[in-house]
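Engineer: This is the structure, below, for whatever I ask next.
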Amino acid sequence: MNLPLLFPSVSYVHSASDWHNYSGQLTALSSGVFFKANYTGIQTSIDTYEADLNASGTSGYYSVIGSAKGNGSFTSNTFQGYSKFIFSYGGESCNGQSNFIGNYSSSSYSAMLSYNGTCSYSYYGSIQTYPFSGSMSFSGNYSSSLSDPQQIAQSSTSVSASDPVPPLPPLLPPPFRFTVSLSSQTAVVTSGSNTSVNITLTLTSGVSSSAAIYITGLPQGTTTSLTPSSCMIPCSSILTFYTSDSTPAGNHSITAWVISENITESYPFLLQVNGKSYTVSFTAVGLPKNYSWAVVLNGISNTSTSDIIYFSNLTAGNYSWYLSKVMTLYSEQSANGTRYLPSNSSGYIVLPGVTSYTISFVKQYQVLIRSTEGGNVSPSGNLWYDANSTANLVASPGNGYIFTGWNTSSSLTQRARSPLDLARGWKRI
């Protein structure tokens, strides 16, 4: 910028009720520049003074508001001094100091003023500063009326200035900035399955730049894929979570990290894992139709008269089970000489894992084997044998007896198909 600015006219009116106190107004007008300043001051002695000035105006499209405080001295035909000033201009804040020296007579004056300072402004959150300096030359005529009790001075003059107001800084390209957003704050998935969310990178200022995306905080048994894993902002990527049966249920804190140039943005969100639901079945093989039986799984008992018992809505974990009516079955059936013996009556289950179990029941008959005086039989007593099985018995006669046969209500040549009472027969010799 640094172009000379011309002030075709500068005028002021100065009045003083006594030589101690004075006030006045200074007005400057030219193409594109206008300001008006009011000042008050005190003449501290015959040859020194102090002054305060407040000014407002416009320069081009910008408003100028400022103030100054100065002091100086004068002799019979010269004056000099300095002031400190602050002003705001086009969103900037400036401050500095000026020095002046001049000559005057009863009807004219001339002066030279030089100044320097710094301005600061906010540039996308960063404070930028730059220096400025310049000079002004003043000359003009004035008249004074002494007929009034107050001294009145009026002046009209031409002023040339080099950068009387510091130029605005050149427009710079805005810095690179972007934001991160997700299509959902919570990604919901059932363990053993997958789910996806969209990551969107929005360019808020600057020019497009490449970005890389990373994911942290994954729970055990979980992997991810990003399609794509890097892109030119603005862009979007599909984030897919792959969980396994071992992924723990619950809310897990996940963070998406985006790195571009020297900027790292993080975006926290939740991965909600719902535990997979399992159904475990127990199938009875060999029980008579409509026979009531029961299984207890981790303290929960289910009873059925069908062949299958189900336990639903189970989550991953360890379980124990047992047949709760095994002993009852024995006692009820023993009275009739028939019972059903399970292949296994208890066990453990780990989920995920096997979910179907078969319990085989074997039908058994009670066989009473007994002996009378004259010998013994092995084995003997109330014994249980599987249906259609064969029992081997040994009859041993005592001294003076011989074995004559079995006393039974069923043929010995048949396999056991019903309760049987066997008794041996002995004959003395």
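The values are calculated or read from the model by the stated rules, or taken from the named source; none is laboratory data. Computed from a predicted structure; not experimentally measured. Positions of Cβ are backbone-derived with ideal geometry, glycine not excepted, and every protein chain shown enters the neighbour counts.
Engineer: Residues to consider are Ser253, Ser281, Ser266; find the one that is in contact with a Phe, Trp or Tyr (Cβ under 6 Å, 6 or more places away or on another chain) and modelled with pLDDT of 95 or more.
Structural biologist: Unique residue meeting the criteria: Ser281.
Engineer: Sort through Leu218, Leu226 and tell me the only one that's part of a loop (DSSP other than H, G, I, E, B) and not assigned by TED's automatic domain parsing to the domain that holds Asn313. Before the answer, list the steps.
Structural biologist: Values: Leu226 fails: part of a loop (DSSP other than H, G, I, E, B).
From the options Leu218, Leu226, the qualifying one is Leu218.
Engineer: Could you tell me how many of the residues in region 351-369 are within 18 Å of Ile309 (Cα to Cα) and touching a residue at least 12 places away in the same chain (Cβ under 8 Å)?
Structural biologist: Residues meeting the conditions: 8.
Engineer: Here is a further query. Tell me which residues, restricted to region 369-400, are assigned to a strand (DSSP E or B), at pLDDT below 80 and surrounded by fewer than 16 Cβ atoms within 10 Å (Cβ to Cβ).
Structural biologist: Arg370
Engineer: If you go through region 280-290 one residue at a time, do you hit one that is under 29 Å from Thr195 (Cα atoms) and within 49 Å of the chain's Cα centre (by Cα)? Lay out the reasoning, then the answer.
Structural biologist: Going residue by residue through region 280-290, those that are under 29 Å from Thr195 (Cα atoms) are 280.
The next check asks that each one be within 49 Å of the chain's Cα centre (by Cα); those that pass are 280.
Yes, region 280-290 has at least one match.
Engineer: Return the total of residues in region 282-320 being touching a residue at least 24 places away in the same chain (Cβ under 8 Å), of a type in the set (Gly, Ala, Ser) and exposed (fewer than 15 other Cβ atoms within 10 Å of the Cβ).
Structural biologist: 4
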